[in-house]
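Each remark here refers to the structure printed beneath this line.
The values are calculated or read from the model by the stated rules, or taken from the named source; none is laboratory data. Here the structure is a predicted model, which means the values were calculated and not measured. Heads up, the Cβs are rebuilt from the backbone with ideal geometry, glycines too, and the neighbour counts pull from every protein chain shown. Ligands, DNA and RNA are stripped out before the accessible areas are found, and what is left, the full protein with its side chains, is counted by its heavy atoms. Shrake-Rupley method; radii C 1.70, N 1.55, O 1.52, S 1.80 Å.
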Amino acid sequence: MDDSPASLAAAVRHDVEPAIEIDLEPVDSVTVVILMDNVTDALMTDHGPARRFDLARSPLRPLAMMAEGRVPDSLIAEHGFSALVTVTKAGQEHRFLFDAGTSPDGVTENMRRLDIDRTRSRPSCAATVTLDHTTGIDGLIRAVGRLNLPVLIHPHFWRQRRVQLPGREPRELPTTSRPP
């Protein structure tokens with residue numbers, strides 16, 4: 001039941017319906033790896049089915065200012081989101097990337113840090129509308145080479161967007177270019 005005020009409900013647009021309906025079928029397993037999120041906590045322990053990035057097993061990177069000359073190669077956190085979803089059925093895996101983060105290289109860097117083979121991970125991609133969910137597609141293409149990457153996007157993907165923060169002038173957001 002929708003408990004939102006009628007004025008709010010009237011502002012919600014319902015003019016976009018899915019072009020297709022997908023019948024779901026049983027699968028053997030689904031694994032979701034969060035590649036990018038707004039925060040990362042390297043000290044958080046595993047909880048329930050969630051397994052966390054193990055800082056103690058993290059690869060090390062050189063850093064001259066440290067006494068040992070190196071530091072853990074920690075995960076990158078940034079505004080935006082990305083998840084690699086692997087569905088397994090009858091021994092066959094299918095991967096898809098749900099969103100790709102804000103920066104061109106954040107998701108591919110986190111894939112490297114998580115030891116996910118980017119050349120084997122040629123997933124299809126589902127992207128939402130704004131740059132904080134799509135920009136990482138560029139880095140993925142550069143990491144694995146030009147490929148036939150099917151991308152499922154929202155019909156309003158190409159629209160110009162802006163952000164309006166209280167007390168500030170509106171700011172236009174970068175818009176993804178249409179392919180030729």
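Structural remarks
- Residue ID - farthest from Val107 (Cα to Cα), chosen from residues in the stretch 153-180 that are modelled with pLDDT under 70 and open to solvent by 100 Å² or more (accessible area, probe 1.4 Å): Pro180
- Residue in the stretch 95-103 that is over 30 Å from Pro26 (Cα atoms), part of a loop (DSSP other than H, G, I, E, B) and open to solvent by less than 50 Å² (accessible area, probe 1.4 Å) present: yes
- When residues in the stretch 44-76 are screened for being open to solvent by less than 60 Å² (accessible area, probe 1.4 Å) and either at positive phi or not in a loop (DSSP other than H, G, I, E, B) (or both), 5 of them pass.
- Residues that are at pLDDT 70 or above and either open to solvent by 70 Å² or more (accessible area, probe 1.4 Å) or assigned to a helix (DSSP H, G or I) (or both), drawn from the stretch 135-150: Gly136, Ile137, Asp138, Gly139, Leu140, Ile141, Arg142, Ala143, Val144
- Filter result (open to solvent by less than 60 Å² (accessible area, probe 1.4 Å) and free of Cβ contacts under 8 Å to residues at least 40 places away in the same chain) within the stretch 26-43: Ala42
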